[in-house]
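Everything below concerns the one structure shown next.
The values are calculated or read from the model by the stated rules, or taken from the named source; none is laboratory data. No experiment lies behind these values; they were computed from the predicted model shown. Please note: Cβ atoms are built from the backbone with ideal geometry, for glycine as well, and neighbour counts cover all protein chains shown. Note: accessible area is taken over every heavy atom of the protein model, side chains too, but ligands, DNA and RNA are not part of it. Shrake-Rupley method; radii C 1.70, N 1.55, O 1.52, S 1.80 Å.
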Amino acid sequence: MAIPDFQTVMRPLLELAADGKERSIGEVRDALAEQFGLTPEERAEMLPSDKQARFDNRVAWSASYLVRAGLLTRPARARLGIADEGRKVLADLKPGQRIDLTYLKRYPTIGSFRSGPGSKAERTEITEVSDATPEELILSGYLLMRSLLAEQLRERILACPPAFFERLVVDLLVAMGYGGTRRDAGQVVGGSGDGGIDGIIKEDKLGLDVVYLQAKRWRDSVSRPTVQAFAGSLAMHHAKKGVMITTSTFTADARDYTSRIDMRIVLIDGQELAELMIDHGIGVTDIQTYTLKRIDSDYFDEE
């Protein structure tokens, strides 16, 4: 079955603790995974951040809410047990009744939050219920905004002159660490008589080798003949390495061609180009930075 959302985990987690035994969070995860019939692949599925397994994250958030509501306790580090209030809840639940954030809103510690003791901030009520954990909501929101930004970048590039795109390509590779500084590392060739080469960049700071660039500010897909022509230009310059970057896509035949030749040609399509620009700060600027923190367990451990 699909990985259950963190609210679906709540009642089975509370029922698991009903026998009064204290369990480690690892034992809880294993027992719940077996109960939900999760496969090893589903257990191993990671969050977009690649920092934690999705199911482990959902169990952790489910436990956090139940502890905050006073239904579960944390008798020791990374261990869970049932509280008296948790026993009362299980006794009152109807068959099939769900424990979720809507149910838990009856507890003051869940219904509202404050920024901290003595804070003047307004109380923030839970008005919407989502199946995603807060961490997943942040990650999904970030990925959505990143995807929209990538699309905006591609459209903005298409509106710029071809010469600007050629300079952008060199700037990007310099930002990725090729050759050192912009002045020393790369140069735009472009224009008539360029022999199919739009830019040249040093592969390393010493300039022991160079990489030849071709930029295609196109909306249509780049096909095999275009890539073959670029390979011919590389041969004319006695070069063995090249990068072709486009704002569009490459046909499957074009990608297959580069995998069959001795020359090393890397193809970067519009989506990958935009992702690299975002990652290396080309044409974008930071508007807000959020730092997510967790408990530093080592700080609280006794020597």
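Looking at Asp279, Asp262, Asp298, which one is loosely packed, with under 10 Cβ neighbours inside 10 Å, not in a loop (DSSP other than H, G, I, E, B) and not aromatic (Phe, Trp, Tyr)? Walk me through how you get there before you give the answer.
Numbers: Asp279 fails: loosely packed, with under 10 Cβ neighbours inside 10 Å; Asp262 fails: not in a loop (DSSP other than H, G, I, E, B).
Of the residues listed, the single one that is loosely packed, with under 10 Cβ neighbours inside 10 Å, not in a loop (DSSP other than H, G, I, E, B) and not aromatic (Phe, Trp, Tyr) is Asp298.
Against the list (1) modelled with pLDDT under 95; (2) open to solvent by 50 Å² or more (accessible area, probe 1.4 Å); (3) basic (Lys, Arg), the condition Arg54 fails is (2).
Kindly indicate whether any position in region 13-28 is at pLDDT 95 or above, of a type in the set (Lys, Arg), within 26 Å of the chain's Cα centre (by Cα) and open to solvent by 30 Å² or more (accessible area, probe 1.4 Å). Among the residues of region 13-28, not one is at pLDDT 95 or above, of a type in the set (Lys, Arg), within 26 Å of the chain's Cα centre (by Cα) and open to solvent by 30 Å² or more (accessible area, probe 1.4 Å), which makes the answer no.
Go over the candidates Tyr290, Tyr257 one by one and state the one that is assigned to a helix (DSSP H, G or I), more than 24 Å from Phe164 (Cα to Cα) and hydroxyl-bearing (Ser, Thr, Tyr). Spell out the reasoning first.
Working: Tyr290 fails: assigned to a helix (DSSP H, G or I).
From the options Tyr290, Tyr257, the qualifying one is Tyr257.
Screening Ile295 against (1) at pLDDT 95 or above; (2) under 30 Å from Pro134 (Cβ atoms) leaves a single unmet condition, (1).
Residue by residue through region 75-99, note down the ones that are under 33 Å from the mean Cα position of the chain (by Cα) and buried (at least 22 other Cβ atoms within 10 Å of the Cβ). So that I can check it myself, show each step before the final result.
Filtering region 75-99 down to residues under 33 Å from the mean Cα position of the chain (by Cα) leaves 76-80, 98-99.
Of everything in region 75-99, those that are under 33 Å from the mean Cα position of the chain (by Cα) and buried (at least 22 other Cβ atoms within 10 Å of the Cβ) turn out to be Leu80, Ile99.
For region 249-259, name all the residues that are open to solvent by 80 Å² or more (accessible area, probe 1.4 Å) and of a type in the set (A, V, I, L, M, F, W, C). Once the filter is applied, which keeps residues that are open to solvent by 80 Å² or more (accessible area, probe 1.4 Å) and of a type in the set (A, V, I, L, M, F, W, C), region 249-259 yields only Ala252.
For Leu32, are the conditions met, namely being in contact with a strand residue (DSSP E or B) (Cβ under 6 Å, 6 or more places away or on another chain), under 30 Å from Leu143 (Cα atoms) and surrounded by 15 or more Cβ atoms within 10 Å (Cβ to Cβ)? Write out each step before concluding.
Details: in contact with a strand residue (DSSP E or B) (Cβ under 6 Å, 6 or more places away or on another chain): no; under 30 Å from Leu143 (Cα atoms): yes; surrounded by 15 or more Cβ atoms within 10 Å (Cβ to Cβ): yes.
Considered against the rule, which asks whether it is in contact with a strand residue (DSSP E or B) (Cβ under 6 Å, 6 or more places away or on another chain), under 30 Å from Leu143 (Cα atoms) and surrounded by 15 or more Cβ atoms within 10 Å (Cβ to Cβ), Leu32 comes out as no.
Taking the condition free of Cβ contacts under 8 Å to residues at least 24 places away in the same chain and touching a helix residue (DSSP H, G or I) at 6+ places or on another chain (Cβ under 9 Å), does Arg255 pass? Here the answer is yes, as Arg255 does meet what is asked.
Identify the residue in region 75-96 that is part of a loop (DSSP other than H, G, I, E, B) and without any contact (Cβ under 8 Å) to a residue 60 or more places away in the chain and, among all such residues, is farthest from Ala44 (Cα to Cα).
For region 75-96, the residue satisfying everything is Lys94.
In region 151-170, how many are assigned to a helix (DSSP H, G or I), touching a residue at least 40 places away in the same chain (Cβ under 8 Å) and open to solvent by less than 60 Å² (accessible area, probe 1.4 Å)? Write out each step before concluding.
The first filter runs over region 151-170 and keeps only residues assigned to a helix (DSSP H, G or I), leaving 151-158, 162-170.
Going one step further and asking which of them are touching a residue at least 40 places away in the same chain (Cβ under 8 Å), we end up with 151, 153-154, 156-158, 162, 165-166, 168-170.
Narrowing the set further to residues that are open to solvent by less than 60 Å² (accessible area, probe 1.4 Å) leaves 153-154, 157-158, 165-166, 168-170.
Total satisfying the criteria: 9.
Looking only at residues in region 235-248 that are open to solvent by 30 Å² or more (accessible area, probe 1.4 Å) and in contact with a strand residue (DSSP E or B) (Cβ under 7 Å, 6 or more places away or on another chain), the one that is farthest from Ser221 (Cα to Cα) is His237. Scanning region 57-74 for residues that are open to solvent by less than 50 Å² (accessible area, probe 1.4 Å) and not in a helix (DSSP H, G or I) yields Gly70, Leu71, Leu72. Filtered by the rule that a residue be open to solvent by less than 40 Å² (accessible area, probe 1.4 Å) and in a loop (DSSP other than H, G, I, E, B), region 35-48 gives Phe36, Leu38, Leu47.
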